[in-house]
1. Taking K and R as +1 and D and E as -1, what net charge do the other residues with C-beta under 14 Å from the C-beta of Ile456 add up to?
2. Where the centre of each part is set by its Cα atoms, how far does segment 199-259 sit from segment 507-584, in angstrom?
3. Asp304's amide H: which non-local residues (gap 5+, or another chain) put their own amide H closer than 5 Å, with H modeled 1.01 Å from N in plane and none for Pro or chain starts?
4. Using only the Cα atoms of segment 111-237, construct the convex hull and provide its projected area averaged over every direction, in square nanometres to one decimal.
5. Using the alpha-carbon atoms, what tilt in degrees (0 to 90, nearest 10) does helix 493-511 show relative to the longest principal axis of the chain?
6. Taking the chain, how much of its Cα-Cα pair set, in percent, is spaced more than 42 angstrom apart?
7. Can you compute the charge dipole magnitude of segment 269-394 about its Cα centre, using +1 on each Lys and Arg Cβ and -1 on each Asp and Glu Cβ, nothing else charged? Give it in debye, rounded to the nearest 20.
8. Please give the calculated 222 nm ellipticity per residue for the chain, where each DSSP H segment of at least 4 residues contributes -39500 (n - 2.57) and the sum is spread over every residue; nearest 500 deg cm²/dmol?
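Every read-out reported here was derived from the displayed coordinates using simple, explicitly stated rules and does not represent laboratory data. What you see is a predicted model, and the numbers here were worked out from it, not measured in a lab. Methodologically, a virtual Cβ is constructed for each residue, glycine included, from the backbone with ideal geometry; neighbour enumeration extends over all protein chains shown.
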Amino acid sequence: MKNINELNKILKDKSITTLYQPIVNLKNGEVIGYEALSRGPLNSPLFFPDKLFETAKDFDLIWDLEQLCRMKALENSYGLDKNKYLFLNVDPLIIKDSKFKQGFTKEFLAKHNITPESVIFEITEKTSISDYKNFKNVINNYVEQGYKIAIDDIGSGYSGLTTLSEIRPHFIKIDIELIRNIDKDTFKQALIKTFVTLSENTNMKLIAEGIETEAELRTLISLNVYAGQGFFLQKPSPIFNEIPLNIKDMIIDIKENFDYSFGINKHYIGQIISGESSFTEAVSCKLMKDYFSLTKATGACIVDANASPVGLIMEHTLNSNLATQYGNAVFGKRPVSIIMDRNPLIVDFNTSISTVSKIAMERDDSRLYDYVIVTKSNKYSGIVTIKRLLEYTTTLERNYAKELNPLTGLPGNTIIFNVLNEVIQSKKNFCILYFDLNNFKIYNDTYGFENGDKVIKFTADIIQTSIKHCFPFNSFVGHIGGDDFVSIFEGPFESCVALCKDFINSFDKAIIEFFNEKDRANGYIIAHDRKGNEDVFSLTSISIAGMYGNFKNFSAADDISKYIAHIKKQVKAEKKSSYFIEDINMIYEFSENI
């Protein structure tokens with residue numbers, strides 16, 4: 001009875017406190033919106049939201065409590081920037097209630113200086129959704145009015161793949177349990193990467209909840225998660241706080257480090273956009289018809305009051321509606337929003353062209369040739385036609401394929417030298433590793449060219465596997481020629497050393513399978529040297545010559561090549577699998593201090 005009395009008092013006195021926690025874009029550190037979080041009175045047994053809502057549910061007062069929480073959240077949001085979203089938690093049972101509909105009229109929101117486009121209904125599945133068909137209809141009704149939908153706590157409770165499939169929300173919020181210690185859990189990383197791919201293919205934005213450490217933040221940025229919230233970024237507050245400047249700078253710095261792309265992936269969709277005009281949802285179908293008639297455009301982006309894309313109208317869609325009986329009379333003066341596509345393909349300015357091409361080609365046939373909308377900081381930036389995308393992609397892939405080694409499929413010298421020059425210009429710390437097989441010519445002469453090619457292919461595969469496992473998002477592997485390979489990646493010096501140790505261990509265990517039983521047992525090959533004399537040779541091993549640091553003091557890729565060749569001679573003198581990485585930062589620091 002104590003809790004119900006406390007709850008009734010809270011409802012009567014309207015003693016709910018609203019806190020706002022920022023949701024942060026993990027690409028640029030900008031706050032995209034705030035989640036409204038409700039708390040009971042301080043020192044009350046119902047202060048914490050779990051206990052508060054549990055009590056309301058037990059005594060059938062959940063509607064009354066949710067209504068009060070929303071009212072408080074809206075009343076206190078007067079100072080919210082119009083360019084920011086307000087995330088409001090809503091139970092699936094409540095959103096279908098007629099009283100909820102009445103509470104979210106445009107007049108009601110306008111009273112609090114808020115537009116439907118700024119409101120995100122965050123579906124918190126405290127209860128399961130039993131009738132997806134009717135619930136989906138309810139959701140679609142709100143979406144058509146301009147509201148957006150988020151599904152909360154994906155990965156826990158009722159929030160599963162069925163809900164995602166049926167609702168198709170604008171935002172997916174990943175449960176805190178999947179985020180906690182993600183930097184130490186490769187399974188969680190693989191799971192989140194799957195969600196990232198899903199979000200990129202469906203235009204659903206991914207938000208990671210409960211970020212509490214720098215290591216978690218770094219991992220989420222490396223996985224290309226769109227946004228995040230948590231105590232590490234900013235704690236909930238009664239006012240709309242920005243995140244600390246040092247945290248924002250950290251996000252930008254981390255993102256820049258992980259954003260470095262090599263080869264074909266360094267081409268971004270923003271490089272080929274066309275700055276076509278955008279229109280508001282209120283523009284009439286007739287005006288859009290006139291626009292298409294007077295220009296070469298066959299589509300247009302529809303934006304909200306904040307210049308964020310909310311839809312796409314293609315000329316063929318407009319014409320098919322106007323061409324029906326009474327089409328002009330029915331649609332001519334009405335807003336284009338009633339027939340526009342509310343779920344077009346929208347990608348960020350810095351998304352790689354190859355990624356956009358893949359996503360675009362996986363769309364339904366009916367939408368295959370629709371424009372791709374490109375945004376920058378969530379604002380409309382331009383469009384890319386499918387013709388332009390295909391032409392550019394085809395040219396890229398054709399030119400890139402010319403430079404690939406026919407045996408291993410890895411980039412050859414032209415691309416390698418281009419990447420090395422990019423490393424010099426980037427002025428960041430990189431690790432460059434030069435891989436060279438020892439006694440490979442003896443193996444090739446003894447076992448034949450066909451088996452020699454198998455060893456080359458094996459070496460290429462194990463290098464790629466090792467590098468991509470340790471540095472999946474910011475690494476490059478090239479085939480210089482013969483039995484020589486190079487890898488370039490970003491990462492701490494200690495990680496580079498650990499990689500070399502693990503690689504040599506794996507290589508030495510696997511390479512012996514390419515020798516016959518006699519040579520494996522002996523641990524050597526008896527063969528003829530270049531002068532025709534019989535001699536004893538060690539089994540094939542590998543030398544790794546490395547350079548680590550900032551390469552700004554090198555003037556060209558050829559200078560790096562000469563420098564690392566000198567290191568390679570030292571490593572090969574070991575006559576066994578070995579490595580050496582020279583920290584060039586230490587050398588330059590020493591020379592500058594002399």
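1. Here the count lands on -3.
2. Cα centroid of segment 199-259 versus Cα centroid of segment 507-584: 43 Å apart.
3. Hits under the 5 Å cutoff: Val310.
4. So the mean shadow area of the Cα hull is 8.7 nm².
5. In the chain, helix 493-511 runs at an angle near 60 degrees to the longest axis.
6. Details: 67345 of 176121 pairs.
Roughly 38 percent, rounded to a whole number.
7. In debye, rounded to 20, segment 269-394 gives about 200.
8. -13000 deg cm²/dmol
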